[in-house]
1. Report yes if some residue within region 21-38 is in contact with a His (Cβ under 9 Å, 6 or more places away or on another chain) and of a type in the set (K, R); otherwise report no.
2. Out of everything in region 16-73 that is surrounded by 11 or more Cβ atoms within 10 Å (Cβ to Cβ), of a type outside the set (A, V, I, L, M, F, W, C) and part of a loop (DSSP other than H, G, I, E, B), what residue ends up being modelled with the lowest pLDDT?
3. Where residues in region 1-15 are outside any loop (DSSP other than H, G, I, E, B) and within 14 Å of R53 (Cα to Cα), which of them is farthest from the chain's Cα centre (by Cα)?
4. Identify, please: which residue in region 1-15 is of a type in the set (A, V, I, L, M, F, W, C) and in contact with a helix residue (DSSP H, G or I) (Cβ under 7 Å, 6 or more places away or on another chain) and is, among those, surrounded by the most Cβ atoms within 10 Å (Cβ to Cβ)?
Amino acid sequence: MSMALKPGDTVRLRKRHPCGNYEWEVLRVGADVGLRCTKCNRKVLVSRSVFERRVTAVTPAGVQLPEKESREG
C-alpha cells in the first residue's frame with residue numbers, strides 16, 4: 001500500500017539527519033521520493049520502499065507544525 005503524498009508535504013522520519021533535524025519537505029513523488037531537510041536544506045532522493053519504512057508522520061502542505069515550547073526558568 002502506498003502513501004498519499006504531494007510535493008510540499010512535511011514528513012517526520014525515524015532517524016535524525018546529521019544536522020539534528022527530523023522534519024523533511026517532500027519535493028518529488030514517484031518511484032523515488034525527493035526530500036529537503038527543513039533545517040539545513042540538504043536534498044536527498046530515497047526509494048519509496050525505504051521511505052515508507054522510515055516515515056513516522058505526514059503533515060499536509062499548508063498545515064503548520066506546532067513549535068516546541070522551551071522550558072526556561
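1. No, there is no match, as no residue in region 21-38 is in contact with a His (Cβ under 9 Å, 6 or more places away or on another chain) and of a type in the set (K, R).
2. P60
3. L13
4. L13
The values are calculated or read from the model by the stated rules, or taken from the named source; none is laboratory data. Small disclaimer: the values here were computed from a predicted structure and weren't measured. Heads up, the Cβs are rebuilt from the backbone with ideal geometry, glycines too, and the neighbour counts pull from every protein chain shown.
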